[in-house]
Every structure is written in structure tokens, then in C-alpha cells.
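Student: Got a structure here, written out as C-alpha cells. Questions coming.
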Amino acid sequence: MIFFQQESYEIIGAALQVYKVLGTGFAEAVYQEALEIEFTKRNIPYKREQELNIYYDGFLLKKKYYADFVCYDKIIVELKALLELDNTNYSQVYNYLKACRFKLGLLINFGNKKQMEYKRVLNGDANIK
């Protein structure tokens with residue numbers, strides 16, 4: 001089963017358009033601003049730099065996480081502008097998902113000179129959003 005397939009397709013399509021226009025070499029903040037414009041143009045519901053609660057052992061922590069985007073109120077979108085993604089980047093998104101109780105995260109990297117990279121990251125806990 002692919003979670004949120006259509007929504008993911010739309011988000012990735014918007015990111016590909018940003019990559020097509022801007023290419024590589026900009027700071028992450030530039031891609032974030034451009035992607036916000038593309039989300040608006042495509043009517044993709046999003047919240048930028050959305051504050052999310054973090055839970056530990058059933059307890060709400062005071063510390064908050066700020067997602068680059070939360071789309072459709074259920075998908076964390078984390079942006080990078082790195083030459084290549086590594087396990088640390090995947091682990092970061094996975095930990096955000098787990099701590100914030102989301103099911104799906106999209107890790108999108110605009111820094112690769114050959115192509116835009118993206119990775120679907122799943123939280124395996126079935127009792128979450």
C-alpha cells in the first residue's frame with residue numbers, strides 16, 4: 001500500500017518544476033520560497049515552517065519541531081540543498097515523523113547537479129495520521 005499516493009505525486013511534481021526552473025546551486029531558503037509559490041499555483045494545501053508537537057513516551061515535550069512544510073495536514077516535506085543525501089538526512093525525517101506522529105515524510109534535495117532527489121520516508125506505526 002502506498003500512503004497518500006496522489007498527494008505525494010502532486011508535491012513531487014511541484015518540486016520538479018522548481019528544480020527545472022532554478023536548477024541547483026541555491027540555498028535551501030530559495031527553494032523553500034519557490035516551492036511555496038508553486039504549491040500556491042497548483043492549489044496544494046500547505047503550511048510553511050509549521051510548528052509540530054514532539055512526544056516522548058506519551059508525553060508532550062516543550063521543545064517543538066518546525067517542518068519546512070506540512071502539506072494536506074498530513075505530509076511532512078523536508079527540503080535540502082546538498083550534493084547528495086545520506087542516512088543522516090533520512091534518519092532526521094524518520095525521527096520527525098515518529099516524534100510528531102505523522103505517517104509520511106518527503107525528503108527533497110535540490111542540491112544534486114544531475115537531478116532533483118526525493119525520498120518517501122514512512123513511519124511504520126499504524127496508529128498515527
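The values are calculated or read from the model by the stated rules, or taken from the named source; none is laboratory data. Note that the structure is predicted; figures quoted are calculated from it, not measured. Backbone-built Cβ (ideal geometry, glycine too); neighbour counts: all protein chains shown.
Student: Could you tell me whether residue 30 is in contact with a strand residue (DSSP E or B) (Cβ under 9 Å, 6 or more places away or on another chain) and aliphatic (A, V, I, L, M)?
Tutor: Against the criterion (in contact with a strand residue (DSSP E or B) (Cβ under 9 Å, 6 or more places away or on another chain) and aliphatic (A, V, I, L, M)), residue 30 does not qualify.
Student: Moving on to the next point. Which condition number does residue 51 fail, the rest of (1) of a type in the set (Asp, Glu); (2) surrounded by 12 or more Cβ atoms within 10 Å (Cβ to Cβ); (3) assigned to a strand (DSSP E or B) being met?
Tutor: (2)
Student: Here's a follow-up. Assuming residue 67 fulfils every condition listed in (1) among the small types (Gly, Ala, Ser); (2) touching a Gly at 6+ places or on another chain (Cβ under 9 Å); (3) in a helix (DSSP H, G or I) apart from one, which condition is it?
Tutor: In the conditions (1) among the small types (Gly, Ala, Ser); (2) touching a Gly at 6+ places or on another chain (Cβ under 9 Å); (3) in a helix (DSSP H, G or I), residue 67 misses (3) alone.
Student: Further question: Tell me whether the range 18-26 contains one or more residues that are in contact with a strand residue (DSSP E or B) (Cβ under 7 Å, 6 or more places away or on another chain), among the charged types (D, E, K, R) and either in a helix (DSSP H, G or I) or under 19 Å from residue 118 (Cα atoms) (or both).
Tutor: no
Student: Next question. May I ask you to list the residues in the range 73-113 that are small (Gly, Ala, Ser) and either at pLDDT 95 or above or within 17 Å of residue 34 (Cβ to Cβ) (or both)?
Tutor: Listed by number, the residues that qualify are 81, 105, 111.
Student: Which pairs have Cβ atoms under 7 Å, sit 6 or more apart or on different chains, and link a residue in the range 93-106 that is in contact (Cβ under 8 Å) with a residue 60 or more places away in the chain to one that is in a strand (DSSP E or B) and crowded, with 17+ Cβ neighbours inside 10 Å?
Tutor: 104/75; 106/75; 106/77; 106/118
Student: Filter the range 119-129 down to the residues that are surrounded by fewer than 19 Cβ atoms within 10 Å (Cβ to Cβ) and either among the aliphatic types (A, V, I, L, M) or at pLDDT 90 or above (or both) and list them by number.
Tutor: Passing the criteria: 119, 120, 122, 126, 128.
Student: Now, a different point. Scanning the range 63-115 for residues that are surrounded by 20 or more Cβ atoms within 10 Å (Cβ to Cβ) and β-branched (Val, Ile, Thr), which turns out farthest from residue 40 (Cα to Cα)?
Tutor: By that ranking, first place goes to 93.
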